[in-house]
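The values are calculated or read from the model by the stated rules, or taken from the named source; none is laboratory data. This one's a predicted model, so the numbers in the text were calculated from it and none came from an experiment. Note that we place each Cβ from the backbone using ideal geometry, even for glycine, and neighbour counts take in every protein chain shown.
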Amino acid sequence: MMAKHTHRKTKRTAAEKARDDAVREKFQDWRPTLDELRQNPDYADLTLGEYLEAKAIAKALKQAREEAAMSLREVAAATGIDFAMISRLENGVRENTSISTLNRLAGAYGKKFVFRLEDQV
């Protein structure tokens, strides 16, 4: 049985809605990269940042798998991780992935997963 996703309406104040609308309008023309967003102090507190970082990791993992010319099933066999979970992770659907899982995937691609802490701006 597939899990059903439930979407709940987010309750925001008028000020929060106005801020969100202004940001949305700005991004209609300006399509920043993740690095541009990280470096811009105006957007340092956006909760979207965590999502974008997770998507960047997912994209990097998929790119590494493709560069290694491996199928999802080959990676699953090499790592012991279910191929459907790898697919969900690569597509940004899987949340709360462990460092161990990221290390196992990176190792299968001949890479290593690196983490660093940076000072807040």
For residues that are surrounded by 12 or more Cβ atoms within 10 Å (Cβ to Cβ) and part of a helix (DSSP H, G or I), scanning just region 29-47, find the one that is modelled with the highest pLDDT. Gln39
Of (1) over 18 Å from Phe115 (Cβ atoms); (2) not in a helix (DSSP H, G or I), Glu74 satisfies all except one. Which? (2)
Could you tell me whether any residue of region 53-74 is out of contact with any Phe, Trp or Tyr (no Cβ under 7 Å at 6 or more places or on another chain), at positive phi and either modelled with pLDDT under 90 or in the same structural domain as Arg104 (by TED's automatic domain parsing) (or both)? yes
Residues satisfying the stated conditions in region 93-121, i.e. of a type in the set (Gly, Ala, Ser) and without any contact (Cβ under 8 Å) to a residue 40 or more places away in the chain: Ser98, Ser100, Gly107
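What are the residues in region 69-102 that are surrounded by fewer than 15 Cβ atoms within 10 Å (Cβ to Cβ) and either within 30 Å of Gln120 (Cβ to Cβ) or of a type in the set (Gly, Ala, Ser) (or both), if any?
Filtering region 69-102 for residues surrounded by fewer than 15 Cβ atoms within 10 Å (Cβ to Cβ) gives 69, 71, 73-74, 77, 80, 82, 84, 91, 93, 95-96, 98-100.
Within region 69-102, Ala69, Ser71, Ala77, Gly80, Ala84, Asn91, Val93, Glu95, Asn96, Ser98, Ile99, Ser100 qualify.
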